[in-house]
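Data first, discussion second: the structure below is written as structure tokens.
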């Protein structure tokens, strides 16, 4: 009896000290990424953190469109290459391009990694190197934005048929975060939080058999949260117009460009997507940000396991039908 | 249950009360502090319970980052960076807003508020 009692009490005591937090801050893709793992295995946790660091590091270089890196062919190299020339690239980058092209079709062209030329023009104005806003001609004349100019020939070989400029800014981070989450799940470290920049978070299982609580920032008062989402094994991603923008004649011009108008979209103040896939979350939050709310609601009703919240200009909040499972 | 069991239970009970007490105190203490990180290292904990303006200088990746505090508020006053996004962000009063000075690899967080939130997206 005594032994049993001691054993039970000892187990209780031990279970109290379970699950240490192992955490690492990473600086990649123009943002800061925090990975937190809850486990009692220090060695495996630290190895996993190093692996994830390497993962973001690798893709940061592959997706870089401003700098070339020795020993690899990245987006900057591809953009510099002449047209009609076969280019052999890293298999990981090839798969990312393939995935992005597929998403172009699935979003009816709203998610487009070939907008680099237009983004560059806007960047000049946002930085203040040029005053005012660009004209439509100026935006069109910089170069092609047709993703079909990018041909994927198989065996990691690509060819450019037009002077497109690729930009993976809207996908790379979410894509790698999803890979990182998959990796943690696969080695049994299922309790984690990956905060990828200020606009995206991916959580695994809860560290104490509860649900993670994720706050959504009020676009009109960033010191406040307007909503809390509760759940496990989800990715929450927000696209907003109030983070990166410049003002001209009282109008705000933000960084998410509508491929149809070549101008920043002008619908909700922010759209948040909840799904189990961080890459898809990133793509859908951008896509929904480029649509009126009613169209967006219709669009995501085709997906299983995708919910969204719109914070409209007048402060009105619209939720998709399945949102109640996260309350 | 004999005498030894009773002693064991008492000891464990006392230990858990102490642990609980410590966590409770630590949690409450967090309310008025700011944590300053350089890359992965916590390099400074600043008390935010003073009314008067105070200045701190942190070594960032590009040079000095000057931080200013007053009661429950913190801001980056000056930094060496291309866009100065950090100082433009201005005063931060809540744990929901993090100041991230990317070029300088400096992160500033206010201690967690009473409300328990695991993550914030904006």
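Couple of notes before you dig in:
- Helix A:172-186 and the longest principal axis of the Cα set of chain A meet at an angle near 30°.
- Least to most buried among A:198, A:275 (fewest other Cβ within 10 Å first): A:198, A:275
- Likely footprinting exposure, B:59, B:3, fewest C-beta neighbours within 10 Å first: B:3, B:59
- Per-residue ellipticity at 222 nm from helix content only, as computed over chain A with -39500 (n - 2.57) for each DSSP H run of at least four residues, stands at -10500 deg cm²/dmol.
- Value of Rg to Rh for the range B:66-114 (Rh from inverse mean 1/r over Cα pairs, i.e. Kirkwood): 0.96
- Applying the Kirkwood pairwise sum to the alpha-carbon positions of the range B:32-110 produces a hydrodynamic radius of 12.1 angstrom.
- Cβ neighbours within 10 Å from other chains - mean over A:222-228: 4
- Estimated FRET transfer efficiency when R0 is 22 angstrom, pair residue A:138-residue B:61 (beta carbons, to 0.05): 0.05
- Residue B:71/residue A:91 FRET efficiency (R0 51 Å; Cβ-Cβ; nearest 0.05): 0.40
- The relative contact order of chain B, computed from alpha carbon pairs under 8 Å that lie at least 6 residues apart in sequence, is 22 percent.
- Residues in the range A:64-89 that a label on residue A:155 would reach, taking backbone N under 19 Å of a point 7 Å out along Cα→Cβ: A:73, A:84-89
- Here is how the number arises for chain B: DSSP H runs of 4 or more residues each give -39500 (n - 2.57), the sum is divided by the residue count, and the result at 222 nm is -8500 deg cm²/dmol.
- Efficiency of FRET from Cβ geometry, residue A:318 and residue A:232, R₀ 30 Å, rounded to 0.05: 0.75
- Between B:102, B:48, B:83, the GNM of chain B built on Cα springs shorter than 10 angstrom shows B:83 fluctuating the most.
- Note on residue B:47 and residue A:42: the model spin-label points, each 7 Å out from Cα along the C-beta direction, lie 3.2 nm apart.
- Rounded to the nearest 10 degrees, the inclination of helix A:278-289 to the longest alpha-carbon principal axis of chain A is 50 degrees.
- Residue A:84 paired with residue A:58, simple spin-label distance in nm, labels 7 Å along Cα-to-beta-carbon: 3.6
- On Cα atoms only, tilt of A:42-62 relative to the major axis of chain A in degrees: 0
- Put a dot 7 Å past the Cα of residue B:40, heading toward its Cβ, do the same for residue A:325, and the two dots end up 3.6 nm apart.
- For residues of A:26-33, the mean tally of beta carbons on other chains within 10 Å: 3
- In terms of surrounding Cβ atoms within a 10 Å radius of their Cβ, A:184, A:152 rank from fewest to most as A:152, A:184.
- The average projected area of the protein assembly as shown, computed from the convex hull of its Cα atoms over all directions, is 26.1 nm².
- Fraction of antiparallel bridges per DSSP, the protein assembly as shown only, in percent to nearest 5: 95
- The range A:103-142, Cα convex hull volume normalised per residue, Å³: 77
- Build a GNM of chain A with springs between Cα atoms under 10 Å apart, and of A:249, A:148, A:312 the one that fluctuates most is A:249.
- Of A:75, A:133, A:145, the residue with the greatest mean-square motion in the GNM of chain A, using alpha carbon springs below 10 Å, is A:133.
- Evaluating kT/(6 pi eta Rh) at 10 °C and 1.306 mPa s, with the Kirkwood radius of the range A:79-160 over Cα pairs in the Stokes-Einstein relation, gives 111 µm² s⁻¹.
Bear in mind that the values in this text are calculations on the coordinates, not laboratory data. It should be emphasised that the depicted structure is a prediction, and the values quoted were computed from it without experimental measurement. Quick reminder, even Gly has a Cβ in these numbers, built from the backbone with ideal geometry, and neighbours come from all protein chains shown.
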